[in-house]
1. Can you find a residue that is of a type in the set (Asp, Glu) and in a loop (DSSP other than H, G, I, E, B) anywhere in region 249-269?
2. Could you check region 366-408 and list, in sequence order, the residues that are aromatic (Phe, Trp, Tyr) and in contact with a Phe, Trp or Tyr (Cβ under 8 Å, 6 or more places away or on another chain)?
3. For region 90-127, give me each residue that is surrounded by 24 or more Cβ atoms within 10 Å (Cβ to Cβ) and of a type in the set (Asp, Glu).
4. Going by the conditions given, is ASN483 assigned to a loop (DSSP other than H, G, I, E, B) and either on the phi < 0 side of the Ramachandran plot or touching a helix residue (DSSP H, G or I) at 6+ places or on another chain (Cβ under 7 Å) (or both)?
5. Which ones in region 395-430 are surrounded by 12 or more Cβ atoms within 10 Å (Cβ to Cβ) and assigned to a loop (DSSP other than H, G, I, E, B)?
6. Give the number of residues within region 303-327 that are at positive phi and among the basic types (Lys, Arg).
7. Residues being of a type in the set (D, E, K, R) and either farther than 22 Å from LEU200 by Cα or touching a helix residue (DSSP H, G or I) at 6+ places or on another chain (Cβ under 6 Å) (or both): count how many of those fall in region 108-130.
8. For region 279-301, give me the residue count where each residue is in a loop (DSSP other than H, G, I, E, B), in contact with a helix residue (DSSP H, G or I) (Cβ under 8 Å, 6 or more places away or on another chain), modelled with pLDDT under 85 and buried (at least 19 other Cβ atoms within 10 Å of the Cβ).
Amino acid sequence: MSFPTDAGVRTGMLRSVSPRQGLGLATALAFVFALAGCDASAPPAAPTRPQKPAPVVRPAPKRVTPRVVRRRPSSGTEPAAHAASQADVVARQVRKLGTALRESLEVGPTVVVWLIDRTPSAADLLADVTRAARELYATSAAGEPAEAKLATAVIAFDEQVEFVLDPPVSEADRVVAALEGLTSRKSAREQTFTALEKALEKYLPLRTKEGKELLLIVVSDEAGDDDAQVDRLVELTRRQAVPVYAIGLPAPWGQTNPTSPNPKQRDTADREDNNPTYGPESLRSERVDIEDWSRSGSGGAMSLVDSGFGPFALERLCRASRGRFLLVRSELGFGFGARGWPAASALTFDEAVLAKYTPNYVSAAEYENLLAENKARAALSQAAQLPKVRIEGYPGSRFPKEAEAKMAKQMSQAQQFAARNLPPIDQLYSILSQGEADREKLTGPRWQAQFDLAFGRVMAIKARLDGYNSMLAALKRGKTFQNPSSTEWVLEPADVFETESTIRRMAERAKMYLERVVREHPGTPWARIAEEELRQPMGWTWREA
């Protein structure tokens, strides 16, 4: 089977092949794929298959720095002429599988297994992948040699796993027909890792007993509801050198679904697939999620953050097995699917710096060890497990100098704003403070940036709330107009601190942490969020009017 050529960079999946094999099979190939883009970090080397004596391993391809891509925020205007449609983005990623197939075919006959998510939320992705795969197989069928080197199987999954095309076939038209025959079902559960286990149970003997190459491709928009099974799949695919590739959506930073009422919690009661589980990108959330009151009600200009990685378990499996998670993002001014994620307005990493901030792709036990090693890391993880903190209401700012009793009542009502919102902020401050002593021992730019941003933001918001409450208390005690014609007091944000010195010191510490994020982590959403936090004054001042 031959494949069209597309300029780009290889994925770097290692294979073992003798010189004679390589020459004979290379002659049989009419065309090859090449890839555009490369992995952000190098995964561990795959083991050589034990039954192949004295293998000769081809050198890994050279790493190429990926180009920086910044997506425009949604503006309501027509997208730029160069912005790719959703179908184009998917087709581009499907074409990138060509290098893996080419390298596998150079080693020997290959079985590729497509594992397709057929839940409602994946309908758009399924349709676009099917169109791209149709083009792929239609092109490769031209001039096919008599003895086909590539065979394909198709598995569909939701809460159940179905072998749609089995045993694997080499006829391109049968593969295309199987993919086009897939339709969405009403189930809201994805047994992604169960499907992978069943695929390995059935097809791994083709590799271990018949000497064929085996490659798995997962197509899904979600993280999978059975991702606790990933540890044994990591071990099996790594040991048997079976690469797993995935085409799916990027995980939102530290969240399961940014549009859910609780963005950090899986919606286990969802039966209609209305709240898909997209993330998080790490084993546990490492995001201390706070809504600043100045953006309350608007959704928050900084609340949508594209992590740059797939959902943790699937991305981990791809990397460990020497495969790759191929991200699908819209380049237009709206989200990819009907649910609106990933949104084109989301903050993203510059691809040139993304590799520095790779999550820890480790087991749960290894992750616990990481937390135990450093109090700052443990404190961040503990704080990040709390629900998103939403600032309720708006701070009152205008206080007419009328009857003393009426103004006192008005100020007491205004103080309820701070009373409502301080407890969750104080809780976060208490937790994160326990890790501050270990901050200088904290290693890894990802952990450093996340801790500094979380602690800096918490202290900034605490300074504003404490300061607001203190300024109202001072007015209650009595304040005289300097201008006899003034009739009201107006409380305005300002970088001055007219009451307790403890509030000023809190604000200074907040600025130190936030400025360090901006200085040491440019090109990241964390720097953008820190810059926005620093633009907002942390103190208050009274103005006569």
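1. yes
2. Listed by number, the residues that qualify are TYR394, PHE399.
3. Of everything in region 90-127, those that are surrounded by 24 or more Cβ atoms within 10 Å (Cβ to Cβ) and of a type in the set (Asp, Glu) turn out to be GLU103, ASP117.
4. For ASN483, the condition - assigned to a loop (DSSP other than H, G, I, E, B) and either on the phi < 0 side of the Ramachandran plot or touching a helix residue (DSSP H, G or I) at 6+ places or on another chain (Cβ under 7 Å) (or both) - is met.
5. Selection gives PRO395, GLY396, SER397, LYS401.
6. Within region 303-327, residues that are at positive phi and among the basic types (Lys, Arg) number 1.
7. Adding up the residues that qualify gives 2.
8. 1
The values are calculated or read from the model by the stated rules, or taken from the named source; none is laboratory data. Given the structure is predicted, the values throughout are model-derived calculations rather than measurements. Quick reminder, even Gly has a Cβ in these numbers, built from the backbone with ideal geometry, and neighbours come from all protein chains shown.
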